[in-house]
Amino acid sequence: MARPRKPLLSRDRIVETAGALVDAEGLAALSTRRLAAELGVSGPSLYNHFRTKDEILDAVADAVSAKIDLSMFAPGDPRDWRTALHDWALSYRAALADHPHIVPVLAQGPGRRPAGLRLADAVFGAMVRAGWPPAQATHIGALMRYFVTGSALGSFARGFVDDETAYDPADYPHLGQAHLLAEHREKVDEGAFATGLRALLDGLGAQYEREVRGARAGHGTERSA
């Protein structure tokens with residue numbers, strides 16, 4: 001009987017295995033030697049597909065970016081720019097929440113990653129179509145990335161221990177309930193994200209009315225004069 005053949009080594013298989021390793025054990029666990037062992041191949045065979053470990057990490061990060069919904073930015077989508085940003089931010093955060101260990105790589109920006117560049121292009125294009133000046137559209141894409149990736153880099157609630165003796169009222173008079181935060185991590189962190197996203201979009205909405213709609217109204221007045 002013939003021996004079962006090992007699955008052929010491919011970029012997709014390397015990325016999938018590397019992503020699973022990072023998800024399970026963190027970025028420090030990934031090395032070409034460890035990855036080759038997980039794949040059941042020799043280390044040099046990886047270099048037929050990727051030149052360096054950093055290229056593998058880039059591909060893992062891009063695979064996560066590819067999971068983020070961008071449909072709200074399509075030219076025919078009926079959602080306005082504010083709703084589109086809101087829905088995108090939720091999908092963005094969900095993708096990062098599923099793969100928290102790769103967030104530091106994603107936070108560095110898209111570089112040459114195709115999915116990351118498609119994401120940046122979609123956001124920028126949608127904001128320009130909505131009337132935002134190109135420079136401001138760039139700023140909006142950047143601040144959304146800062147906000148979402150920042151929220152995914154760590155948990156506010158987990159930053160407090162569940163020992164009430166750690167927060168002596170004599171030293172921290174307003175932290176009497178801080179030891180309860182970790183127990184309610186999901187509620188606290190999701191509430192903080194929702195509050196921040198709403199405040200961010202409210203601020204952008206006010207700026208849009210003042211600068212974009214205001215500028216359009218001013219041009220209309222000039223033309224009718």
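The values are calculated or read from the model by the stated rules, or taken from the named source; none is laboratory data. If you're wondering where the values come from, they're calculated on a predicted model, not measured in any experiment. A quick note on method: Cβ atoms are made from the backbone with ideal geometry, for glycine too, and the neighbour counts reach across all protein chains shown. Each accessible area value is taken on the protein alone, full model and side chains, heavy atoms only, with ligands, DNA and RNA left out. Shrake-Rupley method; radii C 1.70, N 1.55, O 1.52, S 1.80 Å.
Among the residues that make up segment 152-161, is at least one of them within 27 Å of VAL15 (Cα to Cα) and either assigned to a helix (DSSP H, G or I) or open to solvent by 70 Å² or more (accessible area, probe 1.4 Å) (or both)?
Among the residues of segment 152-161, at least one is within 27 Å of VAL15 (Cα to Cα) and either assigned to a helix (DSSP H, G or I) or open to solvent by 70 Å² or more (accessible area, probe 1.4 Å) (or both), which makes the answer yes.
In segment 93-112, which residues are touching a residue at least 60 places away in the same chain (Cβ under 8 Å) and assigned to a loop (DSSP other than H, G, I, E, B)?
Once the filter is applied, which keeps residues that are touching a residue at least 60 places away in the same chain (Cβ under 8 Å) and assigned to a loop (DSSP other than H, G, I, E, B), segment 93-112 yields only HIS99.
Quick check on this structure: which one of ALA74, ALA63 is open to solvent by less than 80 Å² (accessible area, probe 1.4 Å), in contact with a helix residue (DSSP H, G or I) (Cβ under 6 Å, 6 or more places away or on another chain) and either modelled with pLDDT under 95 or within 30 Å of GLY125 (Cα to Cα) (or both)? So that I can check it myself, show each step before the final result.
Values: ALA74 fails: in contact with a helix residue (DSSP H, G or I) (Cβ under 6 Å, 6 or more places away or on another chain).
Step by step, each of ALA74, ALA63 is checked, and only ALA63 is open to solvent by less than 80 Å² (accessible area, probe 1.4 Å), in contact with a helix residue (DSSP H, G or I) (Cβ under 6 Å, 6 or more places away or on another chain) and either modelled with pLDDT under 95 or within 30 Å of GLY125 (Cα to Cα) (or both).
Quick check on my filter: what residues within segment 22-54 are open to solvent by less than 20 Å² (accessible area, probe 1.4 Å) and either assigned to a loop (DSSP other than H, G, I, E, B) or at pLDDT below 90 (or both)?
GLY26, LEU30, PHE50
Looking at segment 63-92, I want the residues that are touching a residue at least 40 places away in the same chain (Cβ under 8 Å) and have a partner that is surrounded by fewer than 18 Cβ atoms within 10 Å (Cβ to Cβ) and of a type in the set (S, T, N, Q) with Cβ atoms under 6 Å, at least 6 apart or on another chain. Which pairs are those?
Close Cβ pairs satisfying both conditions: ILE68/SER91.
Residue check, ALA142 against (1) among the small types (Gly, Ala, Ser); (2) within 24 Å of the chain's Cα centre (by Cα); (3) at pLDDT 95 or above; (4) farther than 26 Å from GLY191 by Cα, all met but one. Which one?
(4)
Return a yes/no flag: does segment 113-128 have any residue that is within 20 Å of PHE193 (Cβ to Cβ), assigned to a helix (DSSP H, G or I) and out of contact with any strand residue (DSSP E or B) (no Cβ under 8 Å at 6 or more places or on another chain). Working first, answer last.
To start, the set of residues in segment 113-128 that are within 20 Å of PHE193 (Cβ to Cβ) comprises 119, 123.
Filter again for assigned to a helix (DSSP H, G or I), leaving 119, 123.
Right, trim to out of contact with any strand residue (DSSP E or B) (no Cβ under 8 Å at 6 or more places or on another chain) and you get 119, 123.
Yes, segment 113-128 contains at least one residue that is within 20 Å of PHE193 (Cβ to Cβ), assigned to a helix (DSSP H, G or I) and out of contact with any strand residue (DSSP E or B) (no Cβ under 8 Å at 6 or more places or on another chain).
Restricting to segment 103-151, give me the number of residues that are crowded, with 19+ Cβ neighbours inside 10 Å and of a type in the set (Ser, Thr, Tyr).
Here the count works out to 1.
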